[in-house]
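S.K.: Got a structure for you, written out below as structure tokens; questions coming shortly.
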Amino acid sequence: MIGESLGTSGWRGRPYRVVGVNRSEISDLAHTRHPIASPLSNETVDRLLALAVTGQRSVLDLGCGDGTWLLRALRREPTLTAVGVDVSGAGFDRVLEQANREGLGERLQLVHADVREWRTTEKFDVVLSIGAAYAFGGLLPTLAAADEHLHPDGQLLLGDCIWEQAPSEQTLALLGAATDDYCDLSTTVQAVDSAGWVPVEGHVSTLQEWDSYEWSWTGSLARWALDHPDHPDSQQVMTASVEHRRAWLGGYRGTLGFLTMLLRRSTLNAAPLR
Ligand SMILES: C[S@@+](CC[C@H](N)C(=O)[O-])C[C@H]1O[C@@H](n2cnc3c(N)ncnc32)[C@H](O)[C@@H]1O
């Protein structure tokens, strides 16, 4: 099952030093018990999806992972159609099969493509992009990319990392990140605001959501490695789990945050009244 390339830290695509494990497959494995590949609880995903897609006709997910966000969106809205784009494609078959079993398959299209190159003439009521801003080169390019695909009065559900506190050199090294990869909460929201978008809802992932996600990520890999001791890749899968756990517990836990915002465009002048 495991191919050849670099492993990945999963939710933000930073390459591991473990060589020989296919990044899509290891990420798919790591998300066995937490199909949403972002530090968000089931309850939060439900709440954000209800706000984003209720009463809407079409949704596009840029960097859709296996398509779970869209499957959940389709369950909520009987006339919604959904398109997801991801460069990985890992888990597409599984999610499409599930959609077909539930009679939702005709409304779901999952496209195996690079979001930077994928184009369509269709405009969507809702665009999702959760945990995939690194694919576009950061928050502002992601806003610009989403803008191209959105109806003028559409809304964007965007999730990206923030710094909960200033990262130490050790944390940056463990993450393979730079300080200016992200900003704190206030600066991030200001940047979004300056780009002409208004947050109409927002959620900062709790430490419990992060911990649940990371335990699930590292635990799923460890469990697979322990259950397949004779598999040629079991040692590398276990190493991926241990390295990820070290980076999390020895570095970014409590420092790296995750902000999800429901955004609409505005032409109103938001200057404070005097
Ligand atoms: C952290 S995961 C988030 C997945 C999904 N949005 C979720 O929350 O479950 C980031 C996703 O972005 C995808 N991705 C990264 N670079 C991409 C690119 N250039 N084009 C399309 N997808 C990309 C990865 O394959 C991965 O599935």
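The values are calculated or read from the model by the stated rules, or taken from the named source; none is laboratory data. Values in this document were obtained by computation on a predicted structure and should not be read as measured data. Ideal geometry is used to build each Cβ from the backbone, glycine not excepted, and the neighbour counts take in all protein chains shown.
S.K.: Taking interchain pairs and intrachain pairs at least six residues apart, which have beta carbon atoms under 7 angstrom, with the first residue in region 82-95 and assigned to a loop (DSSP other than H, G, I, E, B) and the second aliphatic (A, V, I, L, M) and more than 6 Å from the ligand (Cβ to nearest atom)?
M.R.: Short answer, once both residue conditions are applied: VAL87/ALA113.
S.K.: Tell me, please, whether a residue that is more than 16 Å from the chain's Cα centre (by Cα) and either within 24 Å of SER212 (Cα to Cα) or within 15 Å of the ligand (Cβ to nearest atom) (or both) can be found in region 55-65.
M.R.: Within region 55-65 (the criterion being more than 16 Å from the chain's Cα centre (by Cα) and either within 24 Å of SER212 (Cα to Cα) or within 15 Å of the ligand (Cβ to nearest atom) (or both)), the answer is no, since none of the residues qualifies.
S.K.: List the helices (runs of 4 or more DSSP H) inside region 99-202, counting only whole elements, that have at least 1 residues being without any contact (Cβ under 8 Å) to a residue 12 or more places away in the chain.
M.R.: So the answer is 139-149, 169-175, 185-194.
S.K.: Next question, about the same structure. Out of LEU104, LEU96, report the one residue that is more than 15 Å from the ligand (Cβ to nearest atom) and in contact with a Lys or Arg (Cβ under 8 Å, 6 or more places away or on another chain).
M.R.: LEU104
S.K.: Of the numbered conditions (1) under 17 Å from GLY63 (Cβ atoms); (2) surrounded by fewer than 17 Cβ atoms within 10 Å (Cβ to Cβ); (3) among the polar types (S, T, N, Q), GLN190 fails exactly one; give the number of that condition.
M.R.: (1)
S.K.: Next question. Looking only at region 193-215, which residues are under 20 Å from THR32 (Cα atoms), hydroxyl-bearing (Ser, Thr, Tyr) and surrounded by fewer than 19 Cβ atoms within 10 Å (Cβ to Cβ)?
M.R.: If the condition is that a residue be under 20 Å from THR32 (Cα atoms), hydroxyl-bearing (Ser, Thr, Tyr) and surrounded by fewer than 19 Cβ atoms within 10 Å (Cβ to Cβ), then SER212 is the only one that fits.
S.K.: Tell me yes or no: at least one residue of region 2-19 is within 23 Å of GLU201 (Cβ to Cβ) and either modelled with pLDDT of 75 or more or near the ligand (Cβ under 8 Å from one of its atoms) (or both).
M.R.: Yes: region 2-19 contains one or more residues that are within 23 Å of GLU201 (Cβ to Cβ) and either modelled with pLDDT of 75 or more or near the ligand (Cβ under 8 Å from one of its atoms) (or both).
S.K.: From VAL115, VAL127, VAL83, which residue is over 27 Å from TYR182 (Cα atoms) and within 13 Å of the ligand (Cβ to nearest atom)?
M.R.: It is VAL83.
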